[in-house]
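Beneath this line is the structure, given in structure tokens, with notes to follow.
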Amino acid sequence: MLKAEEDIQVFSTIAKIYRAMQRELNRRLESLNITYLDFLILKATNEGPITMVGLSKRFYVTQSAITSAVDRLESQHLVERKRSVEDRRVVVISITPKGKKVFEEGVKIYKELASEILEGMDGLDKVLVGLNKILERINEIESK
């Protein structure tokens, strides 16, 4: 196989894996009344308050997608919006105690799925090294 065809096959396979995992996580997270994007937002806010723009950049989605997700999470009292003290134009998102509980349940679901998928697979340490190299290169290209 030609190098260019292999490169495309690697990217295509990574994209297919991501989409399949996202579909299955969405299905499993329904029990918590959240989506995979909601889970990612809860994860980010569990690490500390973050801006709407920060969420959008972190998860490579549009600001309107983040706004819709935060609206949904806020209506369930899982996160709260606050204006930044330094710059009132900036909206900061924080997780609530209820949001922390839902996030912890989501982590259990995420870990169960990861274990199911990766059970019995050898060489994952090498796969992880390779995937991290791909991610580093993408970040280098984006920062140019």
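Some points to look at:
- All conditions in (1) loosely packed, with under 10 Cβ neighbours inside 10 Å; (2) in contact with a helix residue (DSSP H, G or I) (Cβ under 7 Å, 6 or more places away or on another chain) hold for TYR36, with the sole exception of (1).
- Any chance ILE109 is outside any strand (DSSP E or B), in contact (Cβ under 8 Å) with a residue 40 or more places away in the chain and within 25 Å of SER12 (Cα to Cα): no
- Residue within the range 92-106 that is of a type in the set (Gly, Ala, Ser), free of Cβ contacts under 8 Å to residues at least 12 places away in the same chain and surrounded by 15 or more Cβ atoms within 10 Å (Cβ to Cβ) present: no
- Of the residues making up the range 24-46, those that are over 13 Å from TYR110 (Cβ atoms) and more than 13 Å from the chain's Cα centre (by Cα) are GLU30, ASN33.
- Scanning the range 34-87 for residues that are assigned to a helix (DSSP H, G or I), farther than 17 Å from LYS100 by Cβ and β-branched (Val, Ile, Thr) turns up VAL53, ILE66, THR67.
- Filter result for the condition that a residue is of a type in the set (Lys, Arg), more than 15 Å from the chain's Cα centre (by Cα) and closer than 21 Å to GLN22 by Cβ, over ARG72, ARG83, ARG89: ARG72
- One residue from SER75, SER64, SER84 being exposed (fewer than 15 other Cβ atoms within 10 Å of the Cβ), of a type in the set (Gly, Ala, Ser) and either touching a residue at least 24 places away in the same chain (Cβ under 8 Å) or in contact with a Gly (Cβ under 7 Å, 6 or more places away or on another chain) (or both): SER84
- Pair list, Cβ under 8 Å, 6 or more apart: the range 19-47 residue of a type in the set (D, E, K, R), other residue surrounded by 21 or more Cβ atoms within 10 Å (Cβ to Cβ) and outside any helix (DSSP H, G or I): ASP38/LEU78
- When residues of the range 19-69 are limited to those that are out of contact with any Leu (no Cβ under 9 Å at 6 or more places or on another chain) and acidic (Asp, Glu), the one nearest to SER84 (Cα to Cα): GLU47
No value in this document is a laboratory result; all are computed from the given coordinates. Only a predicted model underlies this, so the values are computations on that prediction, with no experimental measurement involved. Neighbour counts are summed over all protein chains in view; Cβ atoms, including those assigned to glycine, are modelled from backbone coordinates with ideal geometry.
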